[in-house]
1. List the number of the failed condition for residue 362; all other conditions in (1) under 25 Å from the mean Cα position of the chain (by Cα); (2) surrounded by 21 or more Cβ atoms within 10 Å (Cβ to Cβ) hold.
2. When you scan region 299-313, do you find a residue that is at pLDDT below 95 and at positive phi, even just one?
3. Quick check on my filter: what residues within region 443-462 are of a type outside the set (Ser, Thr, Tyr), surrounded by 16 or more Cβ atoms within 10 Å (Cβ to Cβ) and within 22 Å of the chain's Cα centre (by Cα)?
4. Kindly indicate whether any position in region 261-280 is over 21 Å from the mean Cα position of the chain (by Cα), crowded, with 24+ Cβ neighbours inside 10 Å and not aliphatic (A, V, I, L, M).
5. What's the total number of residues in region 57-78 that are surrounded by fewer than 21 Cβ atoms within 10 Å (Cβ to Cβ) and within 15 Å of residue 40 (Cα to Cα)?
Amino acid sequence: MTAGTRTAIVQACLAMAAGVALATSPIVATTAAAQPIQVQPPLPFPVPPAPPYLDPAFYQPDPARVAAAQPGEILSARQVNLANLWLLPLNSNAWQLSFRSTNTRGEPIAAVATVIVPHRAAPTGQRALLSFQMAEDSLSVNCAPSYALQMGSLPNPLNPVPEAEFVEVQAMLQLGHAVVIPDHQGPNAAYAVGPLGGRITLDAIRATENFEPAGLSGSDTRVGLWGYSGGAIPTAHAAELQPTYAPELNLVGAASGGLMADIRAAIDYNNGTSTFGGAVLGGLFGVAREYPQVDKFIDEHMNPLGKALRVVHENQCVALQFAAFPFVNIKGLFDYPGDPMLAPEVQPVLDELSLGHRGTPTTPIYIYEAPLDEVMPINAVDNVYDIYCKDPNARVNYTRDLLSEHGIAAVSGTASAAMWLDNRLNGIPAPAGCHNRDVPSEITDPGAIGTFVNAIGQTLASALGMPV
């Protein structure tokens with residue numbers, strides 16, 4: 001064993017020991033309503049965390065208590081140990097917050113988010129906050145990032161996205177920014193419901209700003225949003241909802257990639273033609289979990305084959321959603337006279353799920369998309385760009401990554417999105433107006449390769465116990 005390897009192992013052990021030591025020092029925080037909240041200590045290593053369905057006290061608190069709280073008000077808090085690949089500890093400050101949010105019917109619900117604050121100082125002296133929405137794309141609460149990122153959680157090969165996207169989270173932590181990761185699909189794992197995920201995202205930011213141990217500056221904190229694919233859905237909806245739902249937040253920028261801008265267009269685009277048709281079908285089932293009228297429509301009009309596929313999709317994580325049932329004829333699963341997506345009873349929901357009808361976000365927007373994306377149709381994203389840019393006050397940067405497809409663009413666009421967000425979080429204003437460009441690959445942008453390599457290197461270092 002080399003000296004370097006011994007040092008790395010010692011650092012990792014010290015990180016785990018630090019987590020155990022923290023268990024003896026509970027912290028008291030206050031909610032937005034100035035109510036004291038006992039912050040529970042982390043589980044001592046190697047005690048594994050309970051999956052959400054076995055942890056109702058935290059994930060499903062008393063409904064009366066939830067209803068009595070304000071949106072974003074903290075209900076419970078606890079320290080947690082996070083890890084790369086379920087076992088390699090992340091040496092940073094981390095907590096989970098249970099807080100009150102609101103569903104699409106205006107009803108109070110409980111939601112959960114993971115808050116991470118790096119040890120290193122903020123680059124501007126005032127800590128900024130990035131809300132990172134992961135591509136949960138799942139129909140089970142046990143696939144949520146709050147569980148998947150915890151050290152000692154059960155390894156799940158059907159849920160690889162949280163571990164992969166955790167690299168992007170750590171890149172922003174290394175830049176000195178705090179990060180909050182909401183379980184944006186909510187308590188029923190309502191996959192692909194942007195209006196719900198947007199509300200949960202905004203309330204997670206409120207909760208984090210009011211969580212004293214995070215050391216933020218309340219509503220003065222500069223806040224950014226970031227998400228790709230299934231994570232772009234709540235990100236984009238949060239940006240549209242923020243002026244009316246959470247106007248007090250100092251939202252300085254939102255980056256969305258691989259964006260599903262219009263669910264009708266996505267279903268048409270993937271209907272019997274795409275290897276990822278199963279993912280869109282799973283999204284339709286996720287929408288039914290939040291909208292009773294869609295659930296009723298499926299029950300009344302989906303044929304036996306469609307209902308059988310629904311049973312297979314239920315309570316599965318992202319890998320099955322994307323890999324199962326390629327080239328599925330989604331509309332052919334309905335016994336309905338005509339196009340089921342044109343049925344009058346589902347039109348209000350489909351309108352609500354689509355971007356652009358609420359007007360232009362007041363925060364700067366960064367969009368990156370691949371014209372060859374096999375999941376999301378580029379013309380729908382082009383249309384949203386055109387809608388936003390009718391507003392003379394719009395600030396939109398739109399990049400089309402010409403040589404990528406959905407998975408490649410997730411990687412090639414990461415560094416440019418991170419650099420754009422870093423500028424916004426450090427107080428550098430976005431350029432005025434709308435700007436669009438076509439590039440062979442975003443990885444060729446100035447500084448992108450260095451940023452990407454540094455993020456990978458820093459993640460490897462943090463996986464060996466180096467403090468973030």
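The values are calculated or read from the model by the stated rules, or taken from the named source; none is laboratory data. Small disclaimer: the values here were computed from a predicted structure and weren't measured. We place every Cβ from the backbone using ideal geometry, glycine too, and count neighbours over all the protein chains shown.
1. (2)
2. So far as region 299-313 goes, no, none of its residues is at pLDDT below 95 and at positive phi.
3. The answer is 452, 455, 458.
4. Within region 261-280, the subset over 21 Å from the mean Cα position of the chain (by Cα) is 264-265, 267-275, 277.
Add one more test, that the residue is crowded, with 24+ Cβ neighbours inside 10 Å, and what stays is 270, 277.
Restricting the remaining residues to those that are not aliphatic (A, V, I, L, M) gives 270, 277.
Checking region 261-280: at least one residue is over 21 Å from the mean Cα position of the chain (by Cα), crowded, with 24+ Cβ neighbours inside 10 Å and not aliphatic (A, V, I, L, M).
5. Count: 4.
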